[in-house]
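A.B. asks: What follows is a structure written as structure tokens; I'll ask about it next.
What follows is calculated from the coordinates using simple rules that are stated; it is not laboratory data. Source: prediction; values computed, not measured. When we count neighbours, we look across all protein chains shown, and the Cβ atoms used for this are built from the backbone with ideal geometry, even at glycine.
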Amino acid sequence: MTRDDLMFRDGLLNGHRILVTGGGTGLGKVMAEAFLILGAEVFICGRRGNVLDETAEELMGQHGGKMVGLACDIRDADAIDDMLDRIWNNGGALTGLVNNAAGNFVSRTQDLSMRGFDAISNIVFRGSFAVTLACGKRWIDQGVSASVLSILATWVWNGSAFTVPSAMSKAGINVMSQSLAVEWADKGIRLNCIAPGTFPTEGMSARLRPTEGGSAFRDTTDYPMGRVGRMPELANLAAFLMSPQAEYVSGQTIAIDGARYLATGGNFSSMRSWTDEQWAEARQSIRATTAKDKAQRTA
Ligand SMILES: CCCCC/C=C/C(=O)SCCNC(=O)CCNC(=O)[C@H](O)C(C)(C)COP(=O)(O)OP(=O)(O)OC[C@H]1O[C@@H](n2cnc3c(N)ncnc32)[C@H](O)[C@@H]1OP(=O)(O)O
Ligand SMILES: NC(=O)C1=CN([C@@H]2O[C@H](COP(=O)(O)OP(=O)(O)OC[C@H]3O[C@@H](n4cnc5c(N)ncnc54)[C@H](OP(=O)(O)O)[C@@H]3O)[C@@H](O)[C@H]2O)C=CC1
């Protein structure tokens, strides 16, 4: 992304300190990059320390500023507290949190075990709540105003066949945000959400279109605008919601999907025609991706 891709003035986020969970890759990385360009000090967390370090180095090399990678598994409440202690003890309070980290894979629901359900919900539902709660306690205790942005999916409004644990978990975080927007409004804490449509990333393609390789998302005939999302489009919306100028916006969930969910539902219902063999092949491919990522985890 270049400076010209952003619609905001230089220094919009000067003095802000923002944590992006899952900020080492994909959508988290591009939002972290936008916040860095706009003057924020940015923290990114994930379980693969090397991925975080590479991202921070790459983006500071391109844009200057300060980005810090912190290996942390958001399923672990103690690890979250350790991470927040490190941030708070090195420069003060966060002023923003982006709940972006997620796990997902396509599966027929009858093929899931409870461990499979937990693999998703412990990241998306429990993990996002845990980070929000840990930050919220500190903000309230210290009288700090802050903004929380959670990255959802349009299926919080219409469900999603074949990604049921994700749909349930994201819907829970949608309701968390609406509830806390009210409960914490007088503390100066805002909560909003973005529901992106398709923004092709490696992490998503490998788990949601696992058997298509490089051809996934090339056919855009059922996209009303004839295309998928462009990363800077998401980054601009995230920067707006995180900026102090958006102070009166709270409790909202904004779709950015080129109207696809209104046109087609925007999810994976076409997989109803998949055979047992196709599901077995998908599962094997997802397993291989997870094994590769697991080998790099340091948290
Ligand atoms: C229009 C487009 C909208 C798109 C909207 C949303 C997109 C996204 O969310 S994309 C984000 C994708 N990124 C990621 O998922 C990154 C992180 N992912 C992971 O860490 C793994 O993929 C994980 C989610 C599976 C979690 O890993 P881990 O906890 O290490 O999981 P295990 O390998 O130990 O497995 C636990 C459990 O889950 C079962 N399982 C795994 N894969 C499948 C599968 N394909 N089908 C069914 N079940 C699966 C696995 O078998 C284990 O259960 P047990 O066998 O009972 O032990
Ligand atoms: N791409 C798309 O089209 C869409 C994406 N989304 C949402 O956007 C967000 C980003 O997705 P995307 O960029 O595509 O996918 P990625 O796989 O690139 O991003 C997921 C990130 O979450 C991190 N993560 C996963 N589990 C944990 C954990 N337990 N603790 C800390 N970090 C964790 C991963 O790092 P690590 O494995 O190192 O921990 C990774 O960096 C997600 O919330 C996703 O649901 C929503 C709609 C559409």
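A.B. asks: Specify the inter-centroid distance of the range 174-189 and the range 1-43, based on alpha-carbon positions, in whole Å.
C.D. replies: 23
A.B. asks: Comparing THR211, THR201, THR221, which has the greatest mean-square fluctuation in the GNM of the chain with Cα pairs linked when under 10 Å apart?
C.D. replies: THR221
A.B. asks: Right, next: Quickly work out the VAL144-to-GLU57 label distance, labels modelled 7 Å from Cα along the C-beta direction, and quote it in nm with one decimal.
C.D. replies: That separation, rounded to one decimal, is 2.9 nm.
A.B. asks: If you don't mind, there's one more thing I want to ask. Rounding to the nearest 10 and keeping the result within 0 to 90°, find how far the Cα-based axis of helix 26-37 lies from the longest principal axis of the chain.
C.D. replies: The angle comes out at about 20 degrees.
A.B. asks: To continue, here is another question. Rounded to whole Å, give me the distance from the Cα center of the range 70-86 to that of the range 107-125.
C.D. replies: 23
A.B. asks: Can you compute 3J(HN,Hα) from phi for each residue in the range 211-221, using the Karplus curve 6.51 cos²θ - 1.76 cosθ + 1.60 with θ = phi - 60°, rounded to whole Hz and x for Gly and Pro?
C.D. replies: Per residue, the Karplus-derived 3J(HN,Hα) values read 9, 9, x, x, 8, 4, 6, 6, 7, 10, 5 Hz.
A.B. asks: Can you tell me which of ILE80, ILE286, ILE140 moves the most in a GNM of the chain? Springs connect C-alpha atoms under 10 Å apart.
C.D. replies: Answer for the Gaussian network model of the chain: ILE140.
A.B. asks: While we're looking at this one, here's another question. Amide H neighbours of GLY251 under 5 Å, counting only residues 5+ apart in sequence or on other chains, H built in-plane at 1.01 Å?
C.D. replies: Distant-sequence amide H within range of GLY251: LEU191, ASN192.
A.B. asks: Would you work out the charge dipole size for the range 1-121 about its Cα centre, treating the Cβ of every Lys and Arg as +1 and the Cβ of every Asp and Glu as -1, and quote it to the nearest 20 debye?
C.D. replies: That gives a dipole near 220 debye.
A.B. asks: What FRET efficiency comes out for the pair ASN90/THR221, r = Cβ-Cβ distance, R0 = 51 Å, nearest 0.05?
C.D. replies: For ASN90 and THR221, the calculated efficiency is 0.55.
A.B. asks: Okay, helix-only estimate at 222 nm for the chain: each DSSP H run of n ≥ 4 adds -39500 (n - 2.57), divide by all residues, round to 500 deg cm²/dmol; what do you get?
C.D. replies: -13500 deg cm²/dmol
A.B. asks: On a straight-distance basis, which lysines could pair with LYS170 in a cross-link, Cα separation under 23 angstrom, same-chain partners fewer than 8 positions away excluded?
C.D. replies: LYS170 reaches LYS29, LYS137.
A.B. asks: In whole Hz, with x marking every Gly and Pro, tabulate ³J(HN,Hα) for the range 233-241 from phi via Karplus 6.51 cos²θ - 1.76 cosθ + 1.60, θ = phi - 60°.
C.D. replies: Going residue by residue, I get 5, 5, 4, 5, 5, 5, 5, 4, 5 Hz, with x marking Gly and Pro.
A.B. asks: How high is the relative contact order of the chain, given as a whole-number percent (alpha carbon pairs under 8 Å, six or more residues apart)?
C.D. replies: It rounds to 20 percent for the chain.
A.B. asks: Now for a separate question. Out of residues 5 or more away from LEU152 or on other chains, whose amide H comes under 5 Å of its own, with H placed 1.01 Å from N in the peptide plane?
C.D. replies: Placed amide hydrogens put ILE194, ALA195 under 5 Å from LEU152.
A.B. asks: Something else now. Quick one: compute the contact order of the range 1-75, relative version, from alpha carbon pairs under 8 angstrom and 6+ residues apart, as a percent.
C.D. replies: Relative contact order of the range 1-75: 29 percent.
A.B. asks: Follow-up question, since we're still on this one. For a quick check: with amide H placed at 1.01 Å from N, whose amide H comes under 5 Å from ARG47's, ignoring anything fewer than 5 positions away on the same chain?
C.D. replies: For ARG47, whose amide H was placed from the backbone, the distant partners under 5 Å are CYS72.
A.B. asks: Could you run the Karplus curve 6.51 cos²θ - 1.76 cosθ + 1.60 with θ = phi - 60° over the range 146-155 and give me ³J(HN,Hα) per residue in whole Hz, x for Gly and Pro?
C.D. replies: Each residue's phi maps through the Karplus curve to give 7, 10, 10, 10, 10, 9, 10, 7, 5, 6 Hz.
A.B. asks: Follow-up question, since we're still on this one. How fast does the chain diffuse by Stokes-Einstein, in µm²/s, taking the Kirkwood radius from C-alpha pairs at 37 °C and 0.692 mPa s?
C.D. replies: Roughly 168 µm²/s, to the nearest whole number.
A.B. asks: Then there is this: How big is the charge dipole of the chain about its Cα centre, in debye rounded to the nearest 20, if each Lys and Arg gets +1 on its Cβ and each Asp and Glu gets -1 on its Cβ?
C.D. replies: Taking the Cα centre of the chain as origin, the dipole is about 340 debye.
A.B. asks: By the 4.7 Å beta carbon criterion, which cysteine residues of the chain come out unpaired?
C.D. replies: Singleton cysteines: CYS135, CYS193.
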